[in-house]
Amino acid sequence: MSQIVRPVLAALPLATALLGFATLTGHAAGRAGADGAATFTRDVAPILYARCVGCHRAGEVAPMSLVTYDEARPWAKSIKRKVTSREMPPWGADPRFGRFKDDQSLTDAQIATIAAWVDAGAPRGRDADLPPVPALSAGWSHGEPDVVIEMPVDFEIPAEGEVPVIDFFTKSPFTRDVYVKALEVRPGTAGVVHHAGLYVIDRLPDGASLVGGKIVDASGKAMSRNQVARANGGTSTEEIQKLLSFVPGRSYESYQGDAGQLIKAGSYIDFYMHYTPSGTPQKDRTRLGLYLAKPGQDVGHQIYHSFGAAGPTTYIVEGQPYAPQRQRRDDPNSVEGGVNLPNIPPYAENWKVVSIHTIREAITLYGLTPHLHLRGKSMRYTLTLPDGREEVLLDVPKYDFNWQLYYELASPRHIPAGSKVTVVTLFDNSAKNKYNPAPDKEVFWSEQSWDEMYAPQARITVDSRDLRGAAKTAAEPQPREH
């Protein structure tokens, strides 16, 4: 691989993106609104409480709290600018297509209310009009999990430099198979976890052992997740089960219907961690919370994270058919969900990749997650049914690397065998892309953010693969770990 410039990513973290807010000056705080004018207590606080304070509160990812009038007032003009441009709350789906659960976007009326409040001088309003502050969980967003599994060791993050992605393995606490209906990842130290992937490995390869959070082969050499998969005779997508990812805007998932995750007895959990130094030495021990299936919650189908579980994929790159090169079996950089495509040329503004996912077995679709890096510009998923009818499942016309959201369907969607899903993606390697660190360089494909990745993820189950067809064991009560 050719040498490329490693960019400075200081402009990319969420905190920096949000700190583009400018402080409002020139108005006296606390002024009551004129008759009929929008006020904070009566009109704006209900919107912030419903859509914003999940992140914009003390101890959460956003760099400022917006819970009280005194906290929100200095940011008023910037709040208006961000909501009228629809940068906040983050929600990239084109509203013309699909219906999604937990849609955080604001309505036109809500945006107009915030704009009117700012234009009126951001008045406080009557305290009696203020609704109760929502009861939001501190720490785990949906209450204490049934089981908490930690990284096996603390990891020291240096003050600066590049930290390669790294696997930490730990044995699961389960002596019987368990079924999971929801999961959450909580970083131990906010601000240093760039992203994390959580995976399940059913068994260690022959001759391998678990030592200090590493799986080592018979010679004592540490093995990556993909090397473990290949040693077990599979690939990263065939052998290893993905649980979920932690990325900006996404750390919790739950599953509708009878979908869920099966974690087998004696399995191993892989914390696949990518850290970003923050300017001072830090320490992290990320945790995984599992919410187990309760009585009456039958888990019949296993969640998969790509359409590849239901059939093959073909590619068209810049109008020409393309067969991705196979990664070498000894290549430690081969990653789940990544595709080895041609390098993106310098200054390419609308570099186009089309992937066509053939659905050979009937599936149920639960949601979609576009995953690209800094040159990602847009992604659209289109379903073609066997009779030729077409439907746009999701269109994200302005992909934002800082917010890699999971677009969960309002209700699961059955997709019959013989269908196909076509994903059209544009990449912008030009100087017009404000996140592009080096428009004059060609772009390679890898896990690192300054390279690129193509992963049109989905949450699906395959209808014919019914877990209830095999003998199921009940999950024994598990102690809570803290």
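Below are the figures for this structure:
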item	result
Leading residue by the ranking (modelled with the highest pLDDT) among those in region 390-403 that are of a type in the set (D, E, K, R) and farther than 26 Å from Gln320 by Cβ	Glu391
Selected residue [surrounded by 18 or more Cβ atoms within 10 Å (Cβ to Cβ), of a type in the set (Asp, Glu) and at pLDDT 95 or above] from Asp451, Asp428, Asp440, Asp387	Asp428
Contacts under 8 angstrom Cβ, first residue in region 258-269 being basic (Lys, Arg), partner in a strand (DSSP E or B), 6 or more apart	Lys264/Val200
Matching residues, region 157-209, being closer than 14 Å to Ile269 by Cβ and part of a loop (DSSP other than H, G, I, E, B)	Ser172, Pro173, Phe174, Asp202, Arg203, Leu204
Pro134, sole failed condition from (1) assigned to a helix (DSSP H, G or I); (2) open to solvent by 40 Å² or more (accessible area, probe 1.4 Å)	(1)
Pick from region 171-192, criterion more than 30 Å from Gly257 (Cα to Cα) and either modelled with pLDDT of 95 or more or β-branched (Val, Ile, Thr) (or both), ranking: surrounded by the fewest Cβ atoms within 10 Å (Cβ to Cβ)	Thr189
Complete set of residues in region 214-234 that are closer than 16 Å to Ile166 by Cα and either touching a Phe, Trp or Tyr at 6+ places or on another chain (Cβ under 7 Å) or outside any helix (DSSP H, G or I) (or both)	Lys214, Ile215, Val216, Lys221, Ala222, Met223, Ser224, Arg225
Any chance Ser78 is part of a helix (DSSP H, G or I) and either out of contact with any helix residue (DSSP H, G or I) (no Cβ under 9 Å at 6 or more places or on another chain) or under 23 Å from Ser378 (Cα atoms) (or both)	yes
Check on Lys77, under 30 Å from Gly36 (Cβ atoms), in contact (Cβ under 8 Å) with a residue 40 or more places away in the chain and charged (D, E, K, R)	yes
Single match in Ala112, Ala128 (criterion: outside any loop (DSSP other than H, G, I, E, B) and within 32 Å of the chain's Cα centre (by Cα))	Ala112
Answer from Pro145, Pro89 - the residue that is at pLDDT 95 or above, part of a loop (DSSP other than H, G, I, E, B) and open to solvent by less than 40 Å² (accessible area, probe 1.4 Å)	Pro145
Candidate set: region 115-125, residues that are in a loop (DSSP other than H, G, I, E, B) and of a type in the set (A, V, I, L, M); chosen: the one least open to solvent (accessible area, probe 1.4 Å)	Ala122
Pairs, first on the phi > 0 side of the Ramachandran plot in region 197-225, second among the aromatic types (Phe, Trp, Tyr) and open to solvent by less than 50 Å² (accessible area, probe 1.4 Å), C-beta under 8 Å, six or more apart	Gly213/Phe168; Gly213/Phe169
Test: residue in region 283-302 that is at pLDDT below 95 and under 30 Å from Ile344 (Cβ atoms)	no
Options Gly338, Gly308, Gly376, Gly367: the member that is at pLDDT below 95 and under 16 Å from the mean Cα position of the chain (by Cα)	Gly338
Odd one out for Ser267 among (1) over 26 Å from Arg465 (Cβ atoms); (2) surrounded by 16 or more Cβ atoms within 10 Å (Cβ to Cβ)	(1)
Residues (among the aromatic types (Phe, Trp, Tyr) and either open to solvent by 40 Å² or more (accessible area, probe 1.4 Å) or in a loop (DSSP other than H, G, I, E, B) (or both)) located in region 270-324	Tyr304, Tyr322
Top-ranked residue of region 34-56 - restricted to ones that are among the small types (Gly, Ala, Ser) and part of a loop (DSSP other than H, G, I, E, B), ranked as nearest to the chain's Cα centre (by Cα)	Gly54
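The values are calculated or read from the model by the stated rules, or taken from the named source; none is laboratory data. Remember, predicted model here, so these are calculated numbers, not experimental data. Note: ideal-geometry Cβ built from the backbone for every residue, glycine included; neighbour counts use all protein chains shown. Heavy atoms of the whole protein, side chains included, go into the accessibility calculation; ligands, DNA and RNA do not. Shrake-Rupley method; radii C 1.70, N 1.55, O 1.52, S 1.80 Å.
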